[in-house]
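Below is one structure; the comments refer to it alone.
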Amino acid sequence: MTELEQKIEMVNLARSLFERGYTVGGAGNLSVRLDENRVLVTPTGSSLGRLQAERLSVLDLAGNLLSGDKPSKESVFHLEMYRKNPECHAIVHLHSTYLTALSCLENLNTENAIQAFTPYYVMRVGTLPVIPYYRPGDINIAKELGERALSGKAFLLANHGVVVTGKNLIDAVDNTEELEETAKLYFILQGQKIRYLTENEIKDLQNRGK
């Protein structure tokens with residue numbers, strides 16, 4: 001995929017997320033590796049529904065702006081995750097409704113905020129550890145995510161939103177959509193007796209993904 005094709009894909013995927021209500025206003029940001037030393041990031045304050053390919057930010061892994069508009073202030077944690085995990089090729093950060101609602105609950109299991117009750121959650125995401133609350137843009141978010149970058153595909157930022165990775169941008173978006181749907185089901189099922197997947201069932205799903 002050429003750089004221009006990647007930019008167009010990002011614009012199209014971002015617009016799709018916006019139009020379907022996964023993000024509103026200027027919230028959320030996306031990124032994808034262009035090569036070993038360059039990353040494409042959505043600009044600061046930009047709406048995912050109104051991105052322009054020629055204005056997307058291109059950074060090196062040190063954070064230097066190579067072309068495009070000023071990047072999102074949260075590009076710092078994107079870059080840290082790319083530096084710490086070479087297998088991470090794309091990142092989606094959203095304030096989607098159900099995952100953000102989940103992030104505001106007290107007494108979540110910080111190792112895994114959603115106990116598995118569908119196979120799709122296990123296959124797409126696996127677990128959802130919780131990152132402690134820091135204000136948006138705080139360098140500690142990058143530090144926390146960097147330390148966990150090799151340990152999972154998705155992370156819930158307390159009182160903030162979600163960060164989801166993928167092998168490419170389409171994969172990261174698909175993972176995010178599945179996770180948001182899982183959070184929606186979690187709230188729909190409150191007060192009901194949930195049949196959670198057993199450890200053996202989870203291991204079976206994990207083994208099939210290897």
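Brief remarks on what is shown
- Residues within the range 92-150 that are open to solvent by 40 Å² or more (accessible area, probe 1.4 Å), assigned to a loop (DSSP other than H, G, I, E, B) and in contact (Cβ under 8 Å) with a residue 60 or more places away in the chain, tallied: 4
- Verdict on GLU147 being out of contact with any Pro (no Cβ under 7 Å at 6 or more places or on another chain) and closer than 26 Å to PHE18 by Cβ: no
- Pairs meeting the criteria (first residue in the range 183-194 and more than 21 Å from THR100 (Cβ to Cβ) and of a type outside the set (Asp, Glu), second residue open to solvent by less than 100 Å² (accessible area, probe 1.4 Å) and at pLDDT 95 or above, beta carbons under 8 Å, at least 6 apart or on different chains) are ILE194/PHE117.
- Complete set of residues in the range 119-139 that are farther than 23 Å from SER16 by Cβ and of a type in the set (Ser, Thr, Tyr): THR127, TYR133, TYR134
- Taking each residue of the range 1-29 that is on the phi > 0 side of the Ramachandran plot and looking for partners that are assigned to a loop (DSSP other than H, G, I, E, B) and buried (at least 22 other Cβ atoms within 10 Å of the Cβ) with beta-carbon atoms closer than 7 Å, six or more apart or interchain, yields GLY28/LEU48.
- Extreme residue, nearest to LYS167 (Cα to Cα), among residues of the range 35-90 that are crowded, with 20+ Cβ neighbours inside 10 Å and among the charged types (D, E, K, R): GLU80
- Considering residues of the range 10-29 that are under 11 Å from LEU51 (Cα atoms) and not polar (S, T, N, Q) only, the residue most open to solvent (accessible area, probe 1.4 Å): ARG15
The values are calculated or read from the model by the stated rules, or taken from the named source; none is laboratory data. Just so it is clear, the structure is predicted and the values come from calculations on it, not from any experiment. Cβ: placed from backbone, ideal geometry, glycine included. Neighbour counts: every protein chain shown. Only protein heavy atoms, including side chains, enter the accessible area calculation; ligands, DNA and RNA are left aside. Shrake-Rupley method; radii C 1.70, N 1.55, O 1.52, S 1.80 Å.
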